[in-house]
Amino acid sequence: MKTVSQKNRKILMAAFFSYLSLIILCIILISMKDLRDIKDIYIFNISTDIFGMIMGFVLFICTLIDVQKIGASNRSFLYLLNVIFLGLFTDACAWLVDAIPSLRILNLLDNTLYYLCNPFAAFFFWRYSAGFFRLDRKLAGFLDRIARIGLFVAVGTCIFNLFFGYYFTINPAGTYERRWLYPVSMIYSSFVLIAVVIILIQQRRFINRNHWVSLVLYIIAPIILSILTMTVYGLSIAYPMLMINLLLMYCLINVDQGRNKMVSDRDLAIATAIQAGFLPSEFPAFPDRTDFDIHASMQAAKEVGGDFYDFYLIDDRHLVITMADVSGKGVPASLFMAVSKTMLKDHMMLIQSPAKSMTDINERLCNNNPGDLFVTLWLGLLDCETGHLTYINAGHNPPILQRAGGETVYLEEQGDGQFMLAGMPYFEYEESELTLEPGDSIFLYTDGVTEAKNVDDEFFGEDRLIKLIDGLREYTPREIVETVNREISIFRGKAVQFDDITMLHLRYKEHFSERS
């Protein structure tokens, strides 16, 4: 399970104390009043209210910390849950303070809050339900404006009732009494529920069955219950039933999302395996070659990543090495990575020219790039016989060049900088050159290495990386890659990995012609 975010942790603590305080307050009010003075039916109402409050308390916490979200209108669901919880609290209090003349004002305020919960519950139910409707944007906006205006009017009339008493009053004896305009208080809620039912019927083909059932039950169950309990004076369990329906709604939707998550996890696992197959992963890569040694690794921040490395022989004499980073994360970056890597290898195998290959691929990617993705890339072509390295740095991190017995430096590109791949059409790439001597090494990496952060928000950084590489002169390429990965993991500690961490180390050991 994912850890709770800092923001949700604060909300969780506030909710915990708020909900618990209201539950405790109800219990205190019960202890202050002689239960023998309360009718059995009222005791039943109070008990179901407190049970509903406890249920809502648990449900609210589960909703906040649950890995699976309850839908696009998660916030509206939480608001709806809170309103129903407040409705349960005010209902319980109403039975406790009723018929006590000294608590007449408290009874009036409590019942006013109870009446206010009704339109707010209807409004947030509409907002939550609208999250599942595939409505035209203009129609959805129009209906939402009507719902907001209706809420404003309903709230206003509830507040005016404090002074005019046309919905209900509290008589001098402290007893709650309904007035003849009481049914008017239900108009807004009824209008919203009817609107939701109509839209549900119209959009039933596009709404998941579990969502449809849970929304319908939320509407129908309290209505049926109210009709069945009309003959029982004083029975009031509408809000407990609404809380039960919210729990059912939560469970049904989570079952559905759990099923979807299983399918998604399976697809991501397949995508991860496919991506791993795109990258060379068997080492030693060229066991029959003694003129160079190479090792690489990639740790994706998500199940699939946008970084990639590659190395392959064009012929016995020429080796291509590549390090790249696609903008973005996840599946889109992974797909763009696969396309870029395949096109680049095909061009290099045929054309054997870094500049020509990069220029052609850049043009093709720019002409078909609806996601506006781009690739920073370092491409090198090594002549294993002479050590001559032709390379292009297209906006990528500068590699680290380590001379045998000499200095360890960042390899800056000769001349003007080269633009990232798929970033600008009609760009002509130019090559840079250097010569590797036996024992020289080159370390390629993506920005996930230098920009790895620890819990103090500190970067791993270029200075730390080059000092680390400089101290690993006697290590093999495999040991160097493994050591850098280990040091980054230690540095990061418990901090979350936000970017792919990819690296490649090549050591030029001897001229190809000198092989035994």
### Query
Right, residue 351: in contact with a helix residue (DSSP H, G or I) (Cβ under 8 Å, 6 or more places away or on another chain) and surrounded by fewer than 17 Cβ atoms within 10 Å (Cβ to Cβ) or not?
yes
Filtering the stretch 92-107 down to residues that are touching a Ser or Thr at 6+ places or on another chain (Cβ under 7 Å) and on the phi < 0 side of the Ramachandran plot yields 98
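Let's see how each residue does on (1) at pLDDT 75 or above; (2) outside the structural domain of residue 94 (by TED's automatic domain parsing); (3) under 18 Å from residue 192 (Cβ atoms):
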{"residue": "211", "(1), (2), (3)": "no, no, yes"}
{"residue": "214", "(1), (2), (3)": "yes, no, yes"}
{"residue": "223", "(1), (2), (3)": "no, no, yes"}
{"residue": "227", "(1), (2), (3)": "no, no, no"}
{"residue": "234", "(1), (2), (3)": "no, no, no"}
{"residue": "243", "(1), (2), (3)": "yes, no, no"}
{"residue": "250", "(1), (2), (3)": "yes, no, no"}
If we ask which residues in the stretch 145-171 are exposed (fewer than 15 other Cβ atoms within 10 Å of the Cβ) and not in a loop (DSSP other than H, G, I, E, B), their number turns out to be 12
Among residues of the stretch 291-321 being β-branched (Val, Ile, Thr) and either modelled with pLDDT of 95 or more or more than 19 Å from residue 338 (Cα to Cα) (or both), the residue surrounded by the fewest Cβ atoms within 10 Å (Cβ to Cβ) is 314
The residue from 428, 482, 487, 462 that alone is among the charged types (D, E, K, R) and either within 19 Å of residue 354 (Cβ to Cβ) or not assigned by TED's automatic domain parsing to the domain that holds residue 337 (or both) is 428
Per the filter on the stretch 362-398, residues over 33 Å from the mean Cα position of the chain (by Cα), buried (at least 17 other Cβ atoms within 10 Å of the Cβ) and touching a residue at least 60 places away in the same chain (Cβ under 8 Å) are 380, 381, 382, 384, 387
Q. Got at least one residue in the stretch 91-103 being modelled with pLDDT of 75 or more, under 20 Å from residue 185 (Cβ atoms), of a type in the set (D, E, K, R) and under 42 Å from the mean Cα position of the chain (by Cα)?
A. yes
Considering the stretch 478-513, residues that are in a loop (DSSP other than H, G, I, E, B) and either free of Cβ contacts under 8 Å to residues at least 60 places away in the same chain or charged (D, E, K, R) (or both), and then whichever is farthest from residue 452 (Cα to Cα), we arrive at 510
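The values are calculated or read from the model by the stated rules, or taken from the named source; none is laboratory data. Keep in mind that what you see is a predicted model, and the values were worked out from it rather than measured. Cβ sites come from the backbone with ideal geometry, for glycine too, and all protein chains shown count toward neighbours.
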